[in-house]
1. Could you sort 198-210, 520-532 so that the peptide with the highest average Cβ count within 10 Å comes first and the rest follow in order?
2. Sorted by packing (mean other beta-carbon atoms within 10 Å per residue), highest first, where do 443-456, 182-195 land?
3. Tell me which GluC sites (Glu not before Pro) from the range 485-514 have a DSSP coil assignment and no more than 11 other beta carbons within 10 Å of their own.
4. Semi-axes of the range 407-479's equivalent ellipsoid from the Cα gyration tensor, sqrt of 5 times each eigenvalue, largest first, rounded to whole Å?
5. Using the structure shown, select from Lys7/Lys32; Lys253/Lys394; Lys83/Lys174; Lys469/Lys528 the pairs with a Cα to Cα distance greater than 29 angstrom.
6. Find how many whole Å separate the alpha carbon centroid of the range 488-520 from the alpha carbon centroid of the range 422-463.
Amino acid sequence: MKQIERKNTAIYCRLSQDDGMVGDSSSIQTQKMMLEQFVKDNNFVLYDIYVDDGYTGLNYNRPGFERLIQDIENGKIDIVVTKDLSRLGRDYIMTGYYTEIYFPEHNVRYISVNDNIDTLYDNNDIAPFKNILNDMYAKDISRKVKTAKRQRMYKGYYISCQTPYGYKVNPNNKTQLIVDEEVKDNVKLIFELSLMNLGSKSICNELNRRGIPTPGAYKASSGEQRFINLLESTKSSRRNYDVRLWNTNTLNKILKDIVYVGDMVNHKYEVKNYKTKKRTRVPEHERIIVKDTHEPIISREDFEKVQLMISNRKCETRYEVPNLFKSIVKCKKCGRTLTFCYNKRNKSGIRVYKYACMGRYLGDKDIHESVAIMYKDLEEIVTTRLRSLMESIKNKGDAFIEDIISSIDIDSESKQLDVQKTKIESRLNVITKSMKKLYEDNVCGRITDDNYQILLTDFQKEQKELISKLEDLTTKSNKYKTQFDRIKEFRQVADKYLNFTELTNELVHSLIDHIEIDVNTIDNKKIKEIHIVYRFIG
């Protein structure tokens, strides 16, 4: 490249964890050496070196890059040099923004050495293609990592960074949990106290009285820095609770965690998009559970007894009847969860309860009239419908699954999605070839720069729209592929209750996702509609 007048030059180096190494790695050193030599050969003035080691190229929240931008804003930088475009970033939209808009607006020259890109000269038509390829590479890596991780989940491997209280990672097999003998008895004590019908608060008080360490305190004593920091923040009164003392949230997580019966639960959270790290909680029925992956601390029988006692304890705290439908009765009109409340006493002096929507009392009078149903009425309706469903399963056997699949037309819709995906993938291949041909035509002079930019923009716009559609179709297709398994799972769960005599909390919440209540006035008569949405099958 031509030498130019001496300018303040910034060297930017980046290496992500997916690239292979963490720390001031040899790859970072290689980038530094290469770029320092480049700066020297071109008679530039090296202002500073900015490094992000272990940071992804999919976003720009990196300390080194942010420091670089701040120095550019302060007018300290004239030239930015990277080894290649992918070191700047792998999100083609944001990378294009910096190379084509931000740097020029701030009079900063950008040079990508290996890509032979220099914004001082008119040789950058290939940059958008490289940005797209870098973005596609990042997406492909993300998909492969996610697929590999999912396979490990289905094998029952332990893949979390934090071990449950009472377990530690097997030093000979990092994917397996083994019992932590130091605190195993603490876990057993917690379940024993619960089996004695002690409430969560009473158990916490007893554990604190005995001086039994909380999970956070124990991990801090084992040298885990995150928990050491938590303890320090507790001591300096920056937290509103003391992590050294047991609380009901921590206790209840232990009492409800099936890891203690030897089962592994994975896929509790998921990241929706490869460009963001935001995690969302996965519903319990969609999580990946593999049984008998490690030594249990608690027997399944005792664990199930504790779950039943916790459920019953919740029902008995306020009401004279069990609130069997807690949190699952919804208002069809506004979506609120109906409140379980005391209505009145009957002639025998027994309290009568109902579920009522509070929407009209909270400013939603225009949305709907009063939506309510008596508890006993709902109990009878649900009992009748569940018995009818159980009879249908007993009579039809495996045909029950086929009827459901047929009723929601899974096969047909799944095939339609596959056809649409094939068409889009075919068109994307055509666009990729066309963009390559367009670039060759421009280089050879068969098409003007203006026409090249117009056609390229059109192709990029269509490509972006098609990729977005393909992602949506893939998401829908995956849902259909898993729905069949969920229907089979519902059948397996339902088989446990084929001959039930009365509703129980376990039965209701095992089979029912939620219940929608609607009330409409027709000819001056209020008509109630009750729609039961079952788990797994809708």
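Every number here is computed from the coordinates shown, using simple stated rules; none is lab data. This structure is a prediction, so every number in the text was calculated from the model and none was measured. Note: ideal-geometry Cβ built from the backbone for every residue, glycine included; neighbour counts use all protein chains shown.
1. 198-210, 520-532
2. 182-195, 443-456
3. Filter output for the range 485-514: Glu502.
4. Here the semi-axes work out to 35, 10, 7 Å.
5. Lys253/Lys394; Lys83/Lys174; Lys469/Lys528
6. Going from one Cα centre to the other spans 55 Å.
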